[in-house]
Amino acid sequence: MQVYLVGGAVRDEQLGLPVIERDWCVVGARPDDMARLGYKQVGKDFPVFLHPETGEEYALARTERKTAPGYHGFAFDFAPDVSIEDDLARRDLTINAIARSETGEIVDPYGGMADIEKRVLRHVSDAFAEDPVRILRVARFAARFHDLGFTIADETLATMRNIVAAGEAGALVADRVWKETEKALAGSNSRVYFETLRKCGALSVIYPEVEALFGVPQPEQWHPEIDTGLHTMMVLDQAEKLSDDLAVRFACLVHDLGKATTPKYRLPSHSGHEKRGCKLIRELCERQPVPKACRDLGLLVSEYHTHCHRALELRPKTIIKVLEATDAFRRPERFEKFLLACEADARGRAGLEDRAYPQAEYLRGAQAAATAINAASIAKDHEGSNVAKAIRRARIAAVAAFRADSQVP
């Protein structure tokens, strides 16, 4: 029985990155052998075991063969005679197909070390084309390692295009698509993830709402970059600078989906795109297991981001309407995320990335002023439905006073 450190841990060691998670591959063992040593078996498709002390995953060396379309269409062989080289052959990229023995020996049968040196993402073998999830993984690695100078090998990108052309991307399981997308959004350079999916044709299959934005023009006066898809990618860049929150970044991705449904005769104007986008967000979130917090913030940003941009022009009554619609009084933390997403939208424009966004601070002040009214005292002087109306009037008055103090014209 031989144990090897494999996958991302070895790769990240070679790149000088911190190793967050370690996976191990066991050669020459059977499930019974692992059980006798106290390992706990998990996993349905093939035996994976948890170390009795560290809890780290130990998988038996295995080979696999394609038996049906999609992510689950594989048969596995995890016999004791499967070698570490056999196991590494089934992995996606050469940089992930490196192992380190217990004595420190590097096992690199497919040139992963050389590709780390060259900063190339290259598939290991033709078996890459058998698993459509690998399209998503390559796109995510392209984003994750973009700052290190990694690029996708031409032959790997060509293989990804062939996978999509064969219809395999349509067989991707929604849970897995979102899992990879979530990791991409939570990391850096998430635009590279979506741009890579677009290059190989997968974006139109799994996120047609986002693909549809590319090529849609916007008024150059407000959007020097003109293209709506490019604008969305620029907004993602700004979101990463402003917030680590997944919901904020997702909202930035979907905030302009409605622009893809604007009738051509109205272009480049996009009147009404805010509410049209909400329908598309709901459809996307029904198709994939997007967290409720992401969906809800996405809907709010889609419908009210233009209100936020015009905050300094809005009447106090309309300001209160926006605060109520975003539930700013009961959920101020979500309102803050709403403002961050709107700020990312405002800055996600060519040449305007560093422009000030006083609208956010103004709305924070308006929300604080409206929150500061003595609602309990007002409630004592009114009955029934009149209470809510009286509180609303007081809030409007508070915002009006705040506006006057702020000297907003």
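The table below lists the values:
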{"read-out": "Of all residues in segment 331-345 being among the basic types (Lys, Arg) and part of a helix (DSSP H, G or I), the one that is farthest from Asp244 (Cα to Cα)", "value": "Arg334"}
{"read-out": "Extreme residue, surrounded by the fewest Cβ atoms within 10 Å (Cβ to Cβ), among residues of segment 60-94 that are in contact with a Pro (Cβ under 7 Å, 6 or more places away or on another chain) and modelled with pLDDT of 90 or more", "value": "Glu85"}
{"read-out": "Meets criteria (at pLDDT below 90, surrounded by 15 or more Cβ atoms within 10 Å (Cβ to Cβ) and either in the same structural domain as Phe335 (by TED's automatic domain parsing) or in contact with a Lys or Arg (Cβ under 8 Å, 6 or more places away or on another chain) (or both)) for Val387", "value": "yes"}
{"read-out": "Test for Arg119: is it surrounded by fewer than 20 Cβ atoms within 10 Å (Cβ to Cβ) and in contact with a Gly (Cβ under 6 Å, 6 or more places away or on another chain)", "value": "yes"}
{"read-out": "Counted residues, segment 3-39 - those being in contact (Cβ under 8 Å) with a residue 24 or more places away in the chain, over 21 Å from Thr94 (Cβ atoms) and either buried (at least 19 other Cβ atoms within 10 Å of the Cβ) or in contact with a Gly (Cβ under 6 Å, 6 or more places away or on another chain) (or both)", "value": "3"}
{"read-out": "Inter-residue pairs, beta-carbon under 6 Å, first assigned to a helix (DSSP H, G or I) and in segment 314-330, second among the hydrophobic types (A, V, I, L, M, F, W, C), 6+ apart", "value": "Pro316/Ile396; Pro316/Val399; Pro316/Ala400; Lys317/Ile396; Ile319/Ala366; Ile319/Val399; Ile320/Ile396"}
{"read-out": "Residue list for segment 358-367, filter: surrounded by fewer than 18 Cβ atoms within 10 Å (Cβ to Cβ) and in contact (Cβ under 8 Å) with a residue 12 or more places away in the chain", "value": "Pro358, Arg364, Gly365"}
{"read-out": "Odd one out for Arg11 among (1) modelled with pLDDT under 95; (2) under 33 Å from the mean Cα position of the chain (by Cα); (3) of a type in the set (D, E, K, R)", "value": "(1)"}
{"read-out": "Selected residue [out of contact with any Asp or Glu (no Cβ under 9 Å at 6 or more places or on another chain), within 18 Å of Asp345 (Cα to Cα) and at pLDDT 95 or above] from Leu230, Leu213", "value": "Leu230"}
{"read-out": "Glu168 vs. criteria acidic (Asp, Glu), surrounded by 20 or more Cβ atoms within 10 Å (Cβ to Cβ) and farther than 19 Å from Pro289 by Cα", "value": "yes"}
{"read-out": "Residue match in segment 331-354 (condition: aliphatic (A, V, I, L, M), under 18 Å from Ser302 (Cβ atoms), surrounded by fewer than 20 Cβ atoms within 10 Å (Cβ to Cβ) and assigned by TED's automatic domain parsing to the domain that holds Ala293)", "value": "no"}
{"read-out": "Subset of segment 150-165 [among the acidic types (Asp, Glu) and either surrounded by 18 or more Cβ atoms within 10 Å (Cβ to Cβ) or in contact (Cβ under 8 Å) with a residue 24 or more places away in the chain (or both)]", "value": "Glu155"}
{"read-out": "Within segment 252-273, tally of residues that are assigned to a helix (DSSP H, G or I) and surrounded by 20 or more Cβ atoms within 10 Å (Cβ to Cβ)", "value": "8"}
{"read-out": "Count - residues of segment 189-207 that are surrounded by 24 or more Cβ atoms within 10 Å (Cβ to Cβ), over 15 Å from Arg134 (Cβ atoms) and small (Gly, Ala, Ser)", "value": "1"}
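This table checks each residue for (1) out of contact with any Asp or Glu (no Cβ under 8 Å at 6 or more places or on another chain); (2) under 23 Å from Leu236 (Cβ atoms).
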residue: Ala328; (1), (2): yes, no
residue: Lys337; (1), (2): no, yes
residue: Ala344; (1), (2): yes, yes
residue: Lys380; (1), (2): yes, no
residue: Lys389; (1), (2): yes, no
residue: Ala397; (1), (2): yes, no
residue: Phe402; (1), (2): yes, no
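The values are calculated or read from the model by the stated rules, or taken from the named source; none is laboratory data. Just so it is clear, the structure is predicted and the values come from calculations on it, not from any experiment. Cβ sites come from the backbone with ideal geometry, for glycine too, and all protein chains shown count toward neighbours.
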